[in-house]
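Student: Supplied in structure tokens, the structure appears directly below.
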Amino acid sequence: MAKKPAPTRATGPLHFEDLEPHRFEDLVRRLIYDFRPWRQLEATGRSGSDEGFDARGFEITTSATAPVDSEEDEAAVEDLPDRVWLIQCKREKSVAPKKLGQYLDAISADEAGRLYGIVFAAACDFSKAARDLFRTRTGELGVAEAHLWGKGEPEDMLYQPKNDDVLFTFFGVSKHIRQRSLSAEVRRRLAVKRKAQRVLEGSGIEVLVRDAGDERYPFPSENETDKVRARRWSIYRFEDCRHDGLHVLWRRHLAFIDDDGVAWDFAEGMDDASPYKNPWRTEEDDQLIQKHDEVRVKAMAVWDALPEKNRAWLEEWLVLPYENVIDIDEKGDEWFEGPHIYVVDFDRERGPFRRYTHVKLATIGQWSSRQAPANPKTRVEKFARMPKAEGEGS
């Protein structure tokens with residue numbers, strides 16, 4: 001009966017391919033600022049006549065970048081020219097090995113002789129074959145250092161704390177802002193949890209869960225055929241505060257658990273989770289309650305005839321996330337005097353609750369209670385089955 005929890009949401013991939021070509025060049029240049037100690041970093045691609053250079057960097061050669069064995073060598077280092085880097089940027093959806101080779105072939109032998117390093121960045125992923133070709137061809141050009149950046153490399157850099165401002169500038173995403181937002185959200189969840197523990201202390205208290213945005217309260221629209229589903233407020237029995245939210249009772253059935261702890265059954269036609277007082281009860285509700293009471297009497301007769309060790313309850317709780325709770329009014333009003341829980345994110349199918357429920361199937365023994373999984377495959381027939389509605393499967 002329990003539904004699997006939905007997977008946690010994760011940050012989606014960054015869409016480099018959506019950037020205008022010059023903006024992609026700007027992004028790569030921003031990321032490369034602290035890649036080396038540059039004397040100068042030129043945005044040559046902006047001129048429209050780049051001669052193969054989208055950016056050109058002049059790296060300062062120091063004793064930290066050139067090996068020295070003596071004071072004479074250290075003095076010689078000071079006279080070394082800057083190292084020249086070629087930075088090429090291709091905002092393309094794909095770069096096959098053949099095409100990558102063509103880009104490298106466009107670098108003349110004279111130009112390659114003046115280069116110390118190459119950074120080739122593209123807004124796509126590179127295959128292993130492309131990476132192998134890049135390593136081989138740049139080696140043939142005599143380049144000391146060569147770096148091939150696909151989508152993964154810039155994305156890794158952007159998510160480093162030092163590049164948070166770059167991430168925000170180009171994609172409107174900020175981990176720092178998100179962390180501050182997350183911190184505020186955690187504090188709000190804890191405030192809701194503490195108030196719930198204080199106001200709703202003790203399981204079994206009835207609460208009204210209501211959509212804060214439903215202005216029809218307390219009067220459902222007259223033209224709605226299914227008023228219970230149409231209105232966005234309902235009464236539940238509060239059970240407990242847990243790690244994933246407030247748990248409220250949704251269903252409660254008489255049940256059976258066999259001695260083996262595997263076979264089980266429950267009374268389909270009765271449900272003790274219904275609230276004791278409901279000012280929105282309709283004539284249809286009264287008819288259902290009357291039918292429920294008749295079924296319950298029969299189910300109770302079966303349940304009472306079971307050995308006490310096999311008597312059980314099947315209970316199912318809805319889970320209300322703390323983040324969906326705006327506030328809790330402990331005083332209520334003239335329609336419902338119990339606590340009102342104001343909620344947001346009201347889904348048409350599941351209301352404000354999580355996509356999964358919490359199910360417990362356990363015997364009644366206080367000191368020797370046994371639990372069993374409510375597995376449909378191991379269900380036997382102890383209680384009468386309810387007739388299937390037209391269109392339902394067997």
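Please treat every number below as a calculation from the coordinates, not as lab data. This is a predicted model, so every value here is computed, not measured. No Cβ is skipped: glycine too gets one built from the backbone with ideal geometry, and neighbour counts run over all protein chains shown.
Student: Given the rule -39500 (n - 2.57) for each run of at least 4 DSSP H residues, summed and divided by the residues of the chain, what is its mean residue ellipticity at 222 nm, to the nearest 500 deg cm²/dmol? It would help to have the intermediate numbers written out before the result.
Tutor: Working: 10 runs with 115 residues, N = 394.
Estimated from H runs of four or more residues: -9000 deg cm²/dmol.
Student: Using DSSP to call loops (not H, G, I, E or B), can you name the GluC sites (Glu not before Pro) in region 297-330 whose Cβ has at most 15 other Cβ atoms within 10 angstrom?
Tutor: Of the GluC sites (Glu not before Pro), the ones in loops of region 297-330 whose Cβ has at most 15 other Cβ atoms within 10 Å are E330.
Student: Also, quick follow-up: Using the Cα centre of region 124-209 as the reference point, and only Cβ charges (+1 on K/R, -1 on D/E), how large is the resulting charge dipole? Debye, rounded to the nearest 20. List each step's numbers first, then the result.
Tutor: Numbers: 16 positive and 12 negative charges, 131 e Å.
Here the size comes out at about 640 debye.
Student: Shifting gears a bit: Given a cut-off of 24 Å, name the pairs among K193/K277; K193/K309; K99/K175; K98/K151; K193/K331 whose C-alpha atoms lie farther apart than that in the structure shown. Display every interim value, and only then the final one.
Tutor: Details: K193/K277 26 Å; K193/K309 36 Å; K99/K175 36 Å; K98/K151 19 Å; K193/K331 18 Å.
Flagged as over cut-off: K193/K277; K193/K309; K99/K175.
Student: Same structure again: By the scheme Lys and Arg +1, Asp and Glu -1, what is the net charge of all other residues having a beta-carbon under 11 Å from that of G213? Display every interim value, and only then the final one.
Tutor: Details: positive: R210, R216, R232; negative: D211, D214, E215, D345.
My count for the surroundings of G213 gives -1.
Student: Could you work out the relative contact order of region 202-378? I mean the mean sequence separation of Cα pairs under 8 Å and 6+ apart, divided by the number of residues, in percent. Can you show the working numbers first?
Tutor: On the way: 321 pairs, mean separation 45.8, N = 177.
This gives 26 percent for region 202-378.
Student: Right, next: Compute, for the chain, the length of the dipole vector about the Cα centre, with Cβ point charges of +1 (Lys, Arg) and -1 (Asp, Glu) only. Units Debye, rounded to 20.
Tutor: Values: 62 positive and 74 negative charges, 268 e Å.
In total the dipole reaches around 1280 debye.
Student: Exposed loop chymotrypsin sites (Phe, Trp or Tyr not before Pro) only (DSSP loop, at most 10 other Cβ atoms within 10 Å): please give the longest stretch of the chain free of them, not including the sites.
Tutor: Numbers: sites that count: Y276, W367.
My reading of the result: 1-275 is the longest stretch.
Student: How much length would be gained if the chain were fully extended between K291 and D156, taking 0.36 nm per residue of separation minus their Cα-Cα distance, in nm to one decimal?
Tutor: Numbers: separation 135, 0.36 × 135 = 48.60 nm, distance 6.23 nm.
Net length gain for the segment: 42.4 nm.
Student: Sticking with this one: Can you give the net charge of the other residues whose Cβ lies under 14 Å from the Cβ of Q366, counting K and R as +1 and D and E as -1? Don't skip to the end; give the middle numbers.
Tutor: Values: positive: K309, R311, R370; negative: E308.
Net charge around Q366: +2.
Student: Using only Cα atoms, figure out Rg for region 202-378 and give it as a multiple of 2.2 N^0.38 Å. Numbers along the way, then the final one.
Tutor: On the way: Rg = 17.7 Å, N = 177, 2.2 N^0.38 = 15.7 Å.
So the Cα radius of gyration is 1.13 times the expected 2.2 N^0.38 Å.
Student: Along the charge dipole of the chain, which of T61, A129, A112 sits closest to the positive end, that is, farthest toward it, with unit charges on the beta carbon of Lys, Arg, Asp and Glu (+1, +1, -1, -1)?
Tutor: After comparing all options, I get A129.
Student: Counting other C-beta atoms within 10 Å, which of V186, V173, V209 has the fewest, and how do the rest follow?
Tutor: Details: V186 12, V173 16, V209 25.
Taking fewest neighbouring Cβ atoms as first place, the list is V186, V173, V209.
Student: Let me ask something additional. Using +1 at the C-beta of Lys and Arg and -1 at the C-beta of Asp and Glu, which of F256, I341, G351 has the Cα lying farthest in the positive direction of the dipole of region 202-378?
Tutor: Comparing the listed Cα positions along the dipole, F256 ranks first.
Student: Applying 1/(1 + (r/R0)^6) with R0 = 25 Å to the Cβ-Cβ distance of K128 and T169, what FRET efficiency is obtained, to the nearest 0.05? Working shown, then result.
Tutor: On the way: r = 32 Å, r/R0 = 1.30.
Result of the calculation: an efficiency of 0.15.
Student: Now, a different point. Do any trypsin sites (Lys or Arg not before Pro) in region 245-294 lie in a DSSP loop with no more than 11 other beta carbon atoms within 10 Å, and if so, which? Before the final figure, lay out each step's value.
Tutor: Working: sites: R251, R252, K277, R281, K291; in loops: K277, R281.
Passing sites in region 245-294 are K277.
Student: Out of H176, H22, T282, whose Cα points farthest toward the positive end of the dipole of the chain (charges: +1 Lys, Arg; -1 Asp, Glu; placed on Cβ)?
Tutor: T282
Student: I've got another one for you. Please give the charge dipole size of region 348-388, origin at the Cα centre, charges +1 on K and R Cβ atoms and -1 on D and E Cβ atoms. Round to the nearest 20 debye.
Tutor: Working: 11 positive and 2 negative charges, 40 e Å.
Taking the Cα centre of region 348-388 as origin, the dipole is about 200 debye.
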